[in-house]
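Okay, so here's the structure we're looking at.
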Amino acid sequence: MPDYLRGDIAKLANINKETLRYYEDLGIISLPSRSESGYRLYSEAVLSQLAFINNAKSCGFTLKEIKKALKKSESRLINLNDFIVAIDKKTNKIHAEIAKKEQTLKMLAGLKTNLQAAERHPDIHSTLRILNMED
């Protein structure tokens with residue numbers, strides 16, 4: 001298996017070289033070996049880890065969650081069911097965020113409607129007064 005220099009593996013994984021170092025500092029990728037001249041040498045396994053990390057991030061998982069999963073997997077303390085439960089939790093969290101955003105959209109639409117109404121609600125007059133926008 002070939003070893004990759006930092007710039008090479010960063011390019012292959014489509015990440016920044018500093019991100020690679022950050023992942024090392026966080027302990028979410030395996031530490032590289034060193035060449036005789038001191039260059040970091042990354043294995044094919046690290047390339048696989050980076051692909052997993054990028055995919056997990058794309059699915060909305062945080063680096064903290066990713067690190068936790070990777071640490072558990074090293075000790076074989078995670079199984080398929082645990083992974084499915086984590087996916088369900090993330091899915092539920094996203095649904096809750098969407099519901100909250102939809103509620104915010106409704107509130108904004110209502111505010112806009114009230115601002116454009118001929119007969120404004122008294123609270124709208126108060127808001128406009130606070131913002132120095134009262135007609």
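Values in this text are rule-based calculations from the coordinates and carry no lab data. The structure presented is a predicted model; accordingly, all values stated were derived computationally and were not measured. With ideal geometry, Cβ positions are generated from the backbone for all residues, glycine too; neighbour counts draw on all protein chains shown.
For the chain, find the longest principal axis of its Cα atoms and tell me its angle to the long axis of helix 17-26, 0 to 90°, nearest 10. With rounding to tens, the tilt is 90 degrees. Take the Cβ atoms of Leu111 and Asn16, set R0 to 41 Å, and the FRET efficiency comes out at 0.50. The trypsin sites (Lys or Arg not before Pro) found in the range 41-107 that occupy coil by DSSP, while having at most 13 further C-beta atoms within 10 Å, are Arg76. In the structure shown, the pairs Lys67/Lys89; Lys67/Lys101; Lys11/Lys89; Lys57/Lys100 are assessed against 25 Å; a Cα-Cα span above that value is assigned to Lys67/Lys101; Lys11/Lys89. The residue list Pro2, Ala118, Asn132 was ranked by how far each Cα lies along the charge dipole of the chain toward its positive end, using unit charges on Cβ atoms, and Pro2 comes out on top.
Fewest neighbouring Cβ atoms within 10 Å first, the residues Asp3, Asp25 line up as Asp25, Asp3. Computed from Cα positions, the angle between helix 80-116 and the longest principal axis of the chain comes to roughly 30 degrees. Charging the Cβ of each Asp and Glu at -1 and of each Lys and Arg at +1, and nothing else, the dipole of the range 34-85 about its Cα centre rounds to 220 debye.
For Phe52, neighbours were defined as the other residues whose beta-carbon sits under 14 Å from its Cβ, and their charges (Lys and Arg +1, Asp and Glu -1) total +2. Within the range 48-123, the GluC sites (Glu not before Pro) that combine a DSSP coil assignment with at most 11 other C-beta atoms in a 10 angstrom radius are Glu119.
Straight Cα distances below 16 angstrom link Lys68 to the aspartates and glutamates Glu24, Asp25, Asp82, with same-chain residues fewer than 8 positions distant left out.
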